[in-house]
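Below is one structure; the comments refer to it alone.
The values are calculated or read from the model by the stated rules, or taken from the named source; none is laboratory data. Since the structure is predicted, the reported quantities are computational estimates derived from the model, not experimental observations. Virtual Cβ from ideal backbone geometry, glycine too; neighbours counted across all protein chains shown.
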Amino acid sequence: MIEESLNYSKLLSSLINEDGTLNEVVTSFLYQLFPRDLFVRAFSLLESTDLLIYILDTEKKLSEKPPGGETQDTKDHKNVENDQKASSASNSPHHIPEANNLDSLINACYEKDSTKIFRLIVQQANQDIAPFYVDLEKWFCSCDEYAGLLCEKLRSEKSLAEQLINHKGSIPSENQDDFAKIRLQSDSVIARHDKIMCPHLLAFAILLQTSQSVLRYFTKGPTPGVFIFTVAEIDDWLKLHLNVV
Ligand SMILES: [Zn+2]
C-alpha cells in the first residue's frame, strides 16, 4: 500500500539542506524507506555521470543567449562538459545552445504547467547496451527491471490500471505530492510506485518531482553528475529518439 500520509516529494526535497548541502539523516532514512535497494541504486546513478536530461524547447526560449552577454553559468566549465557529454552520448544531431544557462534550465524543469517535454537518458558502461530511456510523465522506463515488473502484472487478471494506478481520485490540490505523478490530458493520477519502480525512474523523480534545490545539487554542484541540454528542433528530437529508443 502506498503510504498516503507520506508526501514523497516533500520528503525527497529535504535531501538537500537550505545551505545546499546533503542532509545525511534524511539520506539514511531514505535508504531504509525504499525496497530492493532502490534508493541506493538511484542515488549512485545521481552521483554518476551517466544521466542526461534533455528538454524539447521548440520555442527556443532556453536556447537564446541571455541579454547582456554571457552569464556566469555560460562561462561555467560544467556547461562545456554538458555539451561534450551530450554530444558523445547520443551520437545524434541535436541543438546545444551556445549560451546554455544552467539556472534557466533548472527553472524550466520546475515551471508550473509547463508544456515542455523532458526525458532522461541513462548511459550504460557497456557501449553495446543501448541507453535506457525514461519518461517520467508516463512513469515508464525502457530497462529490463521495469519490463519484468510489468510482465508480472500482465499475468494478473486485474487490469494494469487497476494494479498500477492509485485510484483514490485525482490529486487533492492541498497535497502537493508530485512524486510518481502521471500527467493525463485533463487530470493527473499517481502511479503505484510501490508496485512498479526501477532505480532510473526513482532517480528521475528525485530530480524533477521534488524541488529546484535538489536538481541544482545534482546538476550544478558541489559534485555535479547529471547533465541537462535542450533540443530545439523536432527533427533533432526524433533523430535523438531513434538513436536511444
Ligand atoms: Zn529503469
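Out of (1) surrounded by 15 or more Cβ atoms within 10 Å (Cβ to Cβ); (2) at positive phi; (3) not acidic (Asp, Glu), what's the single condition that is false for Gly20? Among (1) surrounded by 15 or more Cβ atoms within 10 Å (Cβ to Cβ); (2) at positive phi; (3) not acidic (Asp, Glu), the lone unmet condition for Gly20 is (1). Condition check: at pLDDT 90 or above and more than 20 Å from Leu208 (Cβ to Cβ). Does Cys143 satisfy that? Judged against the criteria, Cys143 is not a match.
Looking only at residues of segment 191-220 that are of a type outside the set (A, V, I, L, M, F, W, C) and within 14 Å of the ligand (Cβ to nearest atom), we find that the one that is surrounded by the fewest Cβ atoms within 10 Å (Cβ to Cβ) is His193.
For residues that are of a type in the set (Val, Ile, Thr) and in a strand (DSSP E or B), scanning just segment 115-167, find the one that is surrounded by the fewest Cβ atoms within 10 Å (Cβ to Cβ). The qualifying residue surrounded by the fewest Cβ atoms within 10 Å (Cβ to Cβ) is Ile117.
Just give me the residues in segment 150-170 being modelled with pLDDT of 85 or more and either within 10 Å of the ligand (Cβ to nearest atom) or of a type in the set (Lys, Arg) (or both), in sequence order. The answer is Lys153, Arg155, Lys158.
For segment 211-232, a tally of residues being outside any helix (DSSP H, G or I) and under 19 Å from Ser104 (Cβ atoms) returns 10. Condition (residue is touching a helix residue (DSSP H, G or I) at 6+ places or on another chain (Cβ under 8 Å) and among the charged types (D, E, K, R)) applied to segment 121-143: is it met by at least one residue? No, that holds for no residue. Among the residues of segment 124-149, those identified as more than 13 Å from the ligand (Cβ to nearest atom) and either free of Cβ contacts under 8 Å to residues at least 24 places away in the same chain or not charged (D, E, K, R) (or both) are Ala125, Asn126, Gln127, Asp128.
If you go through segment 39-70 and keep only what is at pLDDT below 90, buried (at least 20 other Cβ atoms within 10 Å of the Cβ) and among the charged types (D, E, K, R), you end up with just Asp57.
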